[in-house]
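One structure below.
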Amino acid sequence: MNIQKLIRPNILKLKPYASARDEFKDFKKSMTFLDANENPFETGLNRYPDPQQLALKLQLSSIKGCNLNQLLLGNGSDEVLDLIFRTFCEPGKDNVILLPPTYGMYEVLADLNNIEAIKIPLTSDFQPNVTDILEAVNSHSKILFLCSPNNPTANSFEAKSVEELLQKFKGIVVIDEAYIDFSESESWRSRLAEFPNLIVIQTLSKAYGLAGIRLGMGMASPEIIQVLNSIKPPYNVNQLTQQKALNKLENLEVITNQIQLIKNERIRVLSAFKKMNFITKCFPSDANFILVQVDDANRRYQQLIEKEIVVRNRSKEPLCDNCLRFTIGTPDENTKLITVLNFLK
Ligand SMILES: *Cc1c(COP(=O)(O)O)cnc(C)c1O
């Protein structure tokens, strides 16, 4: 598979911006830095951050079991996704394949970049329709987005289907694993060496409890990472974010415990949901949220708002008639939710 052929010609030709911190990397505290037009008075934040986020990448690559050159960090996964669009898709010419119902940002980014989105709905059990996907593909299909566990349906895609798509789709396959830490299925990042067209996306926004700092990551072959890296804004991950992320990653036990607690709560909330009359269907969850079908989504949504509980009304999404999405909260929050739901008329 020739990845270079998938890259837009202008990106292949691009000469990346070289920041001051790119040109002189040998950072020692004793040096006098008069190269970046920074304010010299020390505040802890007066210097530009490391454009390659080396300390943070070392930590993350050891946690994730990938090499440094297989890792790209972004201002949230949303930035990583945008970089992928701009690397591979020629506006007005190329297209991407989306499998609704899924994460809304893929379509927003396609529209923003003037890229056609070919939509192949999931099957009724929320799995990729492999035959239809492969049939819809044409020579301008550059990226296939697989979100697994999928948002908003909460299920993981069958490994067999994903593997078939990785083998047969002749473009880039992005597997968005924002919820992988809550899942029983294994991350596809361990298969990077087998599939040169695979990009795995993960984030610190969900399981790691750091949505506020905006840190997302892409993992792929060194060839792909190098191109994405060359077009990213030079200082795309700010100093505060790098520091906060490093602090958090020092104590993984806290995160592991929270994930386990959320998974236990998921079982408790789900079994409570199953006893409620107005909930007509509970979909199985491999994530930190549950999708349910109710008798009247708009009405139930409003009733919850009146009780000061905000959930996500997904009933306008394909295959999601009258569906609400509930994030798993703290044990107290979940108890409050269950109590409120039990008293709804
Ligand atoms: C929440 C979420 C993300 C996270 O995006 P960030 O920009 O990293 O916060 C990515 N993909 C999916 C499917 C999500 O639900």
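Values in this text are rule-based calculations from the coordinates and carry no lab data. Note that the structure is predicted; figures quoted are calculated from it, not measured. Note that we place each Cβ from the backbone using ideal geometry, even for glycine, and neighbour counts take in every protein chain shown.
Within 10 Å of each residue's Cβ, count the other Cβ atoms and sort Met1, Met276 from fewest upward.
Ordered from fewest to most neighbouring Cβ atoms within 10 Å, Met1, Met276 come out as Met1, Met276.
Which of Lys206/Lys345; Lys5/Lys232; Lys64/Lys160; Lys206/Lys232; Lys316/Lys345 have a Cα-Cα distance over 27 Å?
With Cα atoms farther than 27 Å apart: Lys206/Lys345.
With θ set to phi - 60° and the Karplus curve 6.51 cos²θ - 1.76 cosθ + 1.60, what are the ³J(HN,Hα) couplings of the stretch 44-61 in order, to the nearest whole Hz, using x for Gly and Pro?
Each residue's phi maps through the Karplus curve to give x, 9, 6, 9, 4, x, 4, x, 9, 6, 4, 4, 5, 5, 4, 5, 5, 5 Hz.
Please report the relative contact order for the chain, taking Cα pairs under 8 Å with a sequence separation of at least 6, and give it as a percent rounded to a whole number.
17
With only alpha-carbon atoms counted, please give the Rg and Dmax of the stretch 207-267, in Å.
Both quantities, over Cα of the stretch 207-267: 15.1, 44 Å.
Quick check: the distance between the Cα centres of the stretch 74-96 and the stretch 5-55, to the nearest angstrom?
Going from one Cα centre to the other spans 23 Å.
Working only with C-alpha atoms, what are the Rg and Dmax values of the stretch 1-42, expressed in angstrom?
Final numbers for Rg and Dmax: 17.3, 51 Å.
Mind jotting down the three principal axis lengths of the chain based on Cα atoms? Whole angstrom, largest first.
Largest to smallest, the principal-axis extents are 69, 50, 31 Å.
Quick one: if the Förster radius is 56 Å, what FRET efficiency do Asn129 and Leu252 give, using the C-beta to C-beta distance and rounding to 0.05?
The value I calculate is 0.90.
Computed FRET efficiency, Cβ-Cβ of Lys307 and Asn138, R0 51 Å: what is it to the nearest 0.05?
0.55
Okay, helix-only estimate at 222 nm for the chain: each DSSP H run of n ≥ 4 adds -39500 (n - 2.57), divide by all residues, round to 500 deg cm²/dmol; what do you get?
Dividing the helical sum by the residues of the chain leaves -11000 deg cm²/dmol.
When DSSP assigns beta bridges and you keep just the ones with both residues in the chain, what percent turn out antiparallel, to the nearest 5?
55
Determine the sum of side-chain charges near Ile255: Lys and Arg each +1, Asp and Glu each -1, restricted to other residues whose C-beta is under 15 angstrom from that of Ile255.
+2
If pairing requires two Cys Cβ atoms under 4.7 Å apart, which cysteines of the chain are left without a partner?
Among the cysteines of the chain, those whose Cβ sits 4.7 Å or more from every other are Cys66, Cys89, Cys147, Cys282.
Compare Phe289, Phe24, Phe126 in a GNM of the chain, Cα atoms joined below 10 Å, and give the one with the largest fluctuation.
In this elastic network of the chain, the residue with the biggest mean-square fluctuation among Phe289, Phe24, Phe126 is Phe24.
How tilted is helix 297-306 with respect to the longest principal axis of the chain? Cα atoms for both, answer in degrees (0 to 90, nearest 10).
Helix 297-306 and the main axis of the chain meet at about 80 degrees.
Restricting attention to the stretch 9-55, which trypsin sites (Lys or Arg not before Pro) occupy a DSSP loop and are surrounded by at most 12 other Cβ atoms within 10 Å?
Loop-located and lightly packed - Lys25, Lys28, Lys29.
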